[in-house]
Amino acid sequence: METRLGAMKKVHIKSFGCQMNVYDGQRMADILGEQGFEETATPEGADLILLNTCHIRERAVQKVYTELGKLRDIKTAQKAQGQDTRIIVAGCVAQAEGAEIQRRQPAVDLVVGPQAYHRLPELLEQARRKRIVDTDLPVDDKFGHLPAPRAQVIRKRGISAFVTVQEGCDKFCAFCVVPYTRGSEFSRPVVQVMIEIERLAAAGVQDVTLIGQNVNAYHGEGPDGRIWGLARLMRRVAEVPGIARIRYSTSHPRDMEDDLIAIHRDLPQVMPFLHLPVQSGSDRILAAMNRRHTADEYRRVIEKVREARPDIALSSDFIVGFPGESDADFEETIALVDEIGFASSYSFKYSPRPGTPATDLHEQVPAAVMDERLQRLQARIEHHRQAFNHAMVGRTVEVLLERAGRHPGQLAGKSPYLQAVQIETDANQIGDRVQVVIERAGSNSLFGRKAGAADGSMPMPAQDPSTQPASAKELAA
Ligand code: SAM
Ligand code: SF4
């Protein structure tokens, strides 16, 4: 293994943005691990610094350039100490802005797009001689060339893992850069996904989230040569020994087919949680956004999902201030939020993105109006989140314990509804799924004790309906 003064080479990877970037960051760490790099938590002292960037909103892009300014200073300081530092920009800003990044920040040695990072070793070699930009989009090439992470590395990352099964998007929402930065929809073949998940499970992973920009559009080649949808893939994943919890994200309402909804009823491994962005409650705005569904169509999907799994926790993304959004349109969004009672949600001010159709629309909403709408929306979202969490108090839920808690004697984990839960216990039970009586809801976590721990009663069975909330809508009301 290559060394610097006898030590292993160090790489610092910082990922911005979505879960796909977290996954890509880990896969780049795997590639660089094979080249003799070990990960380090800080950029100071690193031989290689990799920024894995996000282009979804203007602010995310600004962050990258600010961060690059700081990294240039570190590079200069380390050079003065005789250490060579190389800076790589990867991810969606790399894809969208390419050579512009090197023009704005000459300290950058290599710019590599999200579909070209499997070529990191050769690109790094070339970057010794000249600065390189590689933003090719041949998506099907990448996954077949990525090295599998070692069992030891998987264990270090914990018992939950993301697995990219789908990339890119053909939906072309009017505000969104994803179809341009990630390219068109591509689904990994079933066998390739299964090999990765079986490997994760063998190393102790119990909780997998299948991810994609539009994951429920998944249409991968099955082992039988036919095209499999996401529901069929998830049924296969549920058969993997050791995989106790499965989620998928992010879905589009138009692709919520009945067979996918049915797995929420049929498969105990599929967690009662669904992130299904609606963006707006106004049909006029949904049409202008090119979402290709109405608010009522979204409501009908939610109804079906709740029929299949009444206690499901729902989550969404919202954009306020899309061009042309009137007060009345915004009120329809608020009404939808109150009606559905989401367990959690993300909300954003509209950010015009270069090259997307919405940037050319007239009637851009003034910044002050957007601010006010965002505050009101976030207050409603928070109200429903708190209501959902408070309704858990007194109930018994299964918690997968993942790591040490905030204080000594605490362990932290997740409920089936993706809530953070802390319990008091002296035992090292990381990796256990325990029944927990929820005693208190804090602002960001639930707090509880192991069922039967303090009051001497027996633990409740995992899927006992009497221990589960009757319906998320009732909870949030
Ligand atoms: N594929 C998902 C979907 O269909 O909803 C979302 C993918 S996108 C990475 C995540 C979220 O970012 C979107 O749901 C949207 O709310 C938000 N977003 C995307 N483009 C945006 C923009 N130009 N301004 C503000 N928010 C944006
Ligand atoms: Fe972007 Fe999602 Fe729309 Fe695709 S479906 S264009 S990823 S918001």
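Applying the Karplus relation 6.51 cos²θ - 1.76 cosθ + 1.60 with θ = phi - 60° to segment 38-49 yields 3J(HN,Hα) values of 10, 6, 10, 6, 10, x, 5, x, 6, 7, 9, 10 Hz, where x marks Gly and Pro.
When the chain is described by a simple charge dipole with +1 on each Lys and Arg Cβ and -1 on each Asp and Glu Cβ, the residue from Gly25, Ala127, Gly321 located farthest towards its positive end is Ala127. Its relative contact order, with pairs defined as Cα atoms under 8 Å and 6+ residues apart, puts the chain at 9 percent. Close amide H partners of Val320, meaning residues 5 or more places away or on another chain with modelled amide H under 5 Å apart, are Phe348, Lys349, Tyr350.
Each helix, a run of at least 4 DSSP H residues, gives -39500 (n - 2.57); summed and divided by the residues of the chain, these come to -10500 deg cm²/dmol at 222 nm. I need the shape label for segment 323-390. Rule: rounded when a/c is under 1.5, else prolate if a/b > b/c, else oblate, with a, b, c from the alpha carbon gyration tensor. In terms of gyration-tensor shape, prolate.
Toward the positive end of the charge dipole of the chain, with +1 on the Cβ of Lys and Arg and -1 on the Cβ of Asp and Glu, the farthest Cα among Ala174, Thr66, Trp228 is that of Thr66.
Net charge in the neighbourhood of Leu267 (other residues with Cβ under 13 Å of its Cβ; Lys, Arg +1, Asp, Glu -1) is +4. Taking amide hydrogens as placed 1.01 Å from N in the peptide plane, the amide H of Ile312 sits under 5 Å from those of Ala472, each at least 5 positions away in sequence or on another chain. You can think of it this way: the chain between Gln386 and Glu372 has 2.9 nm of extra reach, that is 0.36 nm per residue less the Cα-Cα gap. Taking the chain, the Cys residues with no second Cys beta-carbon under 4.7 angstrom are Cys18, Cys54, Cys92, Cys169. Listed cross-link partners Lys10/Lys79; Lys10/Lys156; Lys75/Lys349; Lys79/Lys142; Lys79/Lys156; Lys171/Lys349 are compared with a 24 Å cut-off, the Cα-Cα value being larger for Lys75/Lys349; Lys79/Lys142; Lys79/Lys156.
Ordered by the number of other Cβ atoms lying within 10 Å of each residue's own Cβ, fewest first, Met20, Met194 fall into the sequence Met194, Met20. Rounded to the nearest whole Hz, the Karplus-based 3J(HN,Hα) values (6.51 cos²θ - 1.76 cosθ + 1.60, θ = phi - 60°) of segment 432-441 follow the sequence 8, 9, 10, 7, 10, 8, 7, 9, 7, 10, with x at glycine and proline.
From the alpha carbon centroid of segment 294-366 to that of segment 184-216 is 28 Å.
Straight Cα distances below 17 angstrom link Lys304 to the lysines Lys473, with same-chain residues fewer than 8 positions distant left out. In loop segments of segment 124-190 as defined by DSSP, the trypsin sites (Lys or Arg not before Pro) with at most 11 further C-beta atoms inside 10 Å of their C-beta are Arg128, Arg129, Lys130. Each Lys and Arg adds +1 at its Cβ and each Asp and Glu adds -1 at its Cβ; summed about the Cα centre, segment 375-457 shows a dipole of about 380 debye. The HN-Hα couplings worked out from phi for segment 348-363 by the Karplus form 6.51 cos²θ - 1.76 cosθ + 1.60 (θ = phi - 60°) are 9, 7, 4, 10, x, 10, x, x, 8, x, 5, 5, 8, 6, 7, 6 Hz, whole numbers, x standing for Gly and Pro. Calculated on the alpha-carbon coordinates, the convex hull of the chain measures out at 156 cubic angstrom per residue. Once C-alpha pairs closer than 8 Å and six or more residues apart are averaged by separation and normalised to the residue number of segment 15-157, the relative contact order reads 23 percent.
In segment 59-195, the alpha-carbon atoms span a convex hull of 155 Å³ per residue. Among the helices of the chain, those built from whole DSSP H runs whose Cα atoms reach 15 Å or more along their own axis and whose mean Kyte-Doolittle hydropathy is at least 0.0 are 190-202, 327-340. Backbone amide hydrogens, once placed in the peptide plane, bring Asn214 within less than 5 Å of Thr250, excluding anything fewer than 5 places away on its chain. Taking other residues whose beta carbon is less than 12 angstrom from the beta carbon of Asp327, and scoring Lys, Arg as +1 and Asp, Glu as -1, yields -3.
No value in this document is a laboratory result; all are computed from the given coordinates. What you see is a predicted model; the values in this text were computed from it and never measured. Using ideal geometry, Cβ is built from the backbone for each residue, glycine included, and neighbour counts are taken over all protein chains shown.
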